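One structure below.
Read the figures in this text as sums done on the coordinates, not as results from a lab. Bear in mind the structure is a predicted one, so any value in this text is a computation, not a measurement. As a convention, Cβ positions derive from the backbone with ideal geometry for all residues, glycine included, and neighbour counts pool all protein chains shown.
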Amino acid sequence: MKFVRANLGLLTTAALILVPIAVMSYIIWRNPAPATAIVTVVPGLSTPVSPDTPAWPPGQVLVKPGQAGTPTTTPTLYSPFCSALLTAVQAAVPLQGVQFTSPGGASRAVAVYGVTTGETEQRAEGSLELDLARMLYLDKNGELRALWFATGYVDGSGTYYPMNIVDPRGKRAWATRQEAEAIFRQSGKGLRLILTGFLRGDKEIAWENCEQWAFANPPGICSLGLDLELASHGGSAQFIQTGLAPEDWFAFGWAIEFDGADADLPNNTGGCVP
């Protein structure tokens, strides 16, 4: 009887151990644990890449602009071609992002630095003809961006007005559409776009106050600028506040000044910017 009691005790203990194990095994079988991500390192990269990371073409690198080789949580993808372009723009642009200054008194100025891409085009706005050129610049995070801007326009009477700053000797960088086309068809020319006076804080261009600065602007530019601004539904406000140009918006009324910091740019740069 003692032997039977001992065996019954052992059987009871075994049941208390095995039954929970069986139950747990069944639960695990029905609810498998999430698979652990396998982390691999791509040769030439210092950032681990998980299987869920989107693939990229061979030869491209995962680099944050301005921090080459430094892993980040939100890296930007650049091919060797675009990385070379980014490096060239970084070397030529003294300041990145939209810049605000107070050149004197209560006036406020906004500016952006960049380099020309060599791309130009013409657009018609009613009876006006606008000449545009494209530039590359860096936003406040060091990302490569592109912006179209007006280099001049022709009014209904056929008079051409250039968007440039008269130098200390009283000369302009260009005075005709043909001269402007020859200049802006060159890529890598360092320049600054600047607008002074009629800003509302650091938020938007107050075109309705432009007439107070009419002495420093071409005739008719204030009404034209206001019309373009209304048509773009506040495009300049988005650009000034975020540093990102809305689609189909271009900078109009900004004076153009060449700063001499030119860059050696490759051709066909459009694929490297949003």
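At a glance:
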| quantity | calculated |
| --- | --- |
| Region 95-272, dipole about Cα centre (Lys/Arg Cβ +1, Asp/Glu Cβ -1), debye to the nearest 20 | 440 debye |
| Tensor-based shape of region 95-272 (alpha-carbon gyration tensor, a/c under 1.5 rounded, otherwise prolate or oblate) | rounded |
| Relative contact order (%) - criterion: Cα under 8 Å, at least six apart; region: region 128-173 | 31 percent |
| Anisotropy class of region 73-165 from Cα gyration tensor, a/c 1.5 cut | oblate |
| Segment residue 230-residue 258, extension gain: residue separation times 0.36 nm, minus the distance between their alpha carbons | 7.2 nm |
| Distance (nanometres) between label positions extended 7 Å along Cα→Cβ at residue 175 and residue 127 | 2.6 nm |
| Relative contact order of region 155-274, defined on C-alpha pairs under 8 angstrom at six or more residues apart (%) | 34 percent |
| At R0 = 30 Å, FRET efficiency that the Cβ-Cβ distance of residue 87 and residue 213 yields, to 0.05 | 0.20 |
| Hits among aspartates and glutamates - C-alpha to C-alpha of residue 171 under 16 Å, sequence gap 8 or more where chains match | 179, 257, 259 |
| Under 18 Å from residue 140, Cα to Cα: aspartates and glutamates that are on another chain or at least 8 residues apart | 202, 204 |
